[in-house]
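FYI, it's all coordinate maths here, none of it is from the lab. Keep in mind that this is a model prediction, so the values were computed, not measured. For neighbour counting, all protein chains shown are included, and Cβ atoms are generated from backbone atoms with ideal geometry for every residue, glycine included.
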Amino acid sequence: MKCILIDCDPGHDDMMAIMLACSSPELKLLGVTTVGGNQTGEKTYLNALKTLTLIGERDIPVARGADKPLFRELTVAPEIHGVSGLDGADLPEPGFEGVVRHAVDFLIQTIMESGTPLTLVPTGPLTNVALAMLKDPRITTKLERIVLMGGAVFDSNITPAAEFNIYVDPEAAKVVFGSGVPVTMVGLDVTNKALFGFDDIERLARSNGKVSRVVAPLLKFFAQANKTIFGFEGAPLHDALAVAHLIKPEVIKTRRLNVEIETDGELTRGRTVADVYGVTGKPANTDVALEVDNDLFKELLVQAIKILDSR
Ligand code: BDR
Ligand code: CA
């Protein structure tokens, strides 16, 4: 069994990432840390607690982290995730309390005290992860790998050049991509194709289980927002694809490339600059996802919700 930590900003697709991890016998979720991103730090923390309450996972530690990026003001995404960060349905109020420690200290302690090297799955801006690396660089030698949702080689969403998570805190992303920890980048090149379609959502709504009856309208809201803004025929469950890769590695295909982060560009802030043709001669530092098996991904999601419905 693989032990993981999820650092996230829920967010509809972050919520699905947490659910997928909790339902999987292949994974043990040791903690959830939250960061300001899709919504304010206060809201994303609340949403993590509500998500775990909905699926009856009250023993997983939840720690609240950075409210804003290292050097910049926070950009949020209400047009995609709503004012709450999880618009579309009412989730139950939190039925348990998070841990008192700051997410950065929780990450450091959990990583350093773990008997086996952990996998970190960041699905929001990389502020907490960078702060943890800066505060205690020893964690970079203790982590097995980082599988993150963020960036893109050819695609973009928040600007014509950048993906949201990297755009929000590019300086943090620079720390993480340069940390020496093996990084797998599950970016928009694959996650924009990881669509849970309107028909899939309808099917989920009809199953009417205790989790699916809340998740279906949430995904409908998210899919509708993505249709309005990007013309997608469903919900791109970006963050859940990073977790799916840990359950079934073959759900994506990756290539090893050199990736660096643009922090200064006037038009290109937050671009993950990937050297596809090796023109820089710089060593590859990232496994970059370039293909996705969306049928397999959807199968994993449907199975996960079925398991959570039956608990
Ligand atoms: C990423 O940005 C957020 O809106 C999503 O939760 C995902 O992590 C996609 O660009
Ligand atoms: Ca996210």
In nm, to one decimal, how far is the D295 label point from the A89 one, both placed 7 Å along Cα→Cβ? 2.7 nm
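Rounded if a/c is under 1.5, else prolate if a/b is larger than b/c, else oblate: which is region 53-174, with a ≥ b ≥ c the root eigenvalues of its Cα gyration tensor?
Numbers: a/c = 1.82, a/b = 1.07, b/c = 1.70.
Note, shape of region 53-174 comes out oblate.
What's the longest uninterrupted piece of the chain once you rule out the GluC sites (Glu not before Pro) that are loop residues per DSSP with at most 12 other Cβ within 10 Å?
Details: sites that count: E26, E73, E97, E233, E266.
It runs 98-232.
Would you work out if the chain is rounded, prolate or oblate? Take a ≥ b ≥ c from the square roots of the eigenvalues of the alpha-carbon gyration tensor; rounded if a/c is under 1.5, else prolate when a/b is larger than b/c, oblate otherwise.
Details: a/c = 1.44, a/b = 1.21, b/c = 1.19.
Verdict is rounded for the chain.
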If each of E97 and R256 carries a label point 7 Å out from its Cα toward its Cβ, how far apart are those two points in nm? 4.8 nm
Whole-Hz ³J(HN,Hα) for each residue in region 245-258, computed from phi via Karplus 6.51 cos²θ - 1.76 cosθ + 1.60 with θ = phi - 60°, x for glycine and proline: what do you get? 4, 7, 8, 10, x, 6, 5, 10, 10, 10, 10, 7, 9, 7
Starting from the amide H of N258, placed 1.01 Å from N in the peptide plane, find each other amide H under 5 Å away whose residue is 5 or more places distant or on another chain. D275, N285
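Here is the link list: K135/K174; K50/K306; K28/K253. Which ones come out longer than 22 Å on Cα distance? Write down the numbers at each step before the final one.
Values: K135/K174 15 Å; K50/K306 19 Å; K28/K253 24 Å.
Beyond 22 Å: K28/K253.
With a ≥ b ≥ c the root eigenvalues of the C-alpha gyration tensor of region 180-259, is it rounded (a/c under 1.5), prolate (a/b larger than b/c) or oblate?
Details: a/c = 2.88, a/b = 1.79, b/c = 1.61.
Prolate is the answer for region 180-259, as a/c is 1.5 or above and a/b outweighs b/c.
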Largest fluctuation, T53, T286, T228 only, Gaussian network model of the chain with Cα springs under 10 angstrom, belongs to T228
In region 59-125, which chymotrypsin sites (Phe, Trp or Tyr not before Pro) fall in coil by DSSP and have 11 or fewer other Cβ atoms within 10 Å? F71
Which ³J(HN,Hα) values, rounded to whole Hz and listed in residue order, are derived for region 201-206 from phi using the Karplus coefficients 6.51, -1.76 and 1.60 in 6.51 cos²θ - 1.76 cosθ + 1.60 with θ = phi - 60°, glycine and proline given as x? 5, 4, 4, 4, 4, 5
When DSSP beta bridges are limited to those with both residues in region 2-310, what percentage is antiparallel, rounded to the nearest 5? 35 percent
Reachable lysines from K227, criterion Cα separation under 20 angstrom, eight or more residues apart if same chain: K193, K298
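For a quick check of your reading of the filter: which chymotrypsin sites (Phe, Trp or Tyr not before Pro) in region 141-185 sit in a DSSP loop and have no more than 14 other Cβ atoms within 10 Å? Walk me through the intermediate numbers first.
Working: sites: F154, F164, Y167, F177; in loops: F154.
Filter output for region 141-185: F154.
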Which cross-chain or sequence-distant (5 or more) residues have an amide H under 5 Å from the amide H of G31, H modelled 1.01 Å from N in plane? I6
The alpha-carbon center of region 106-141 and that of region 277-311 are separated, in whole Å, by 21 Å
Taking Rh as the Kirkwood radius, which is the inverse of the mean 1/r over Cα pairs, what is the Rg/Rh value for region 1-78? 0.99
Nearby aspartates and glutamates by direct alpha-carbon distance to K2 (threshold 20 angstrom, same-chain neighbours under 8 apart not counted): D14, E26, E57, D59, E113, E144, D239, E250, D287
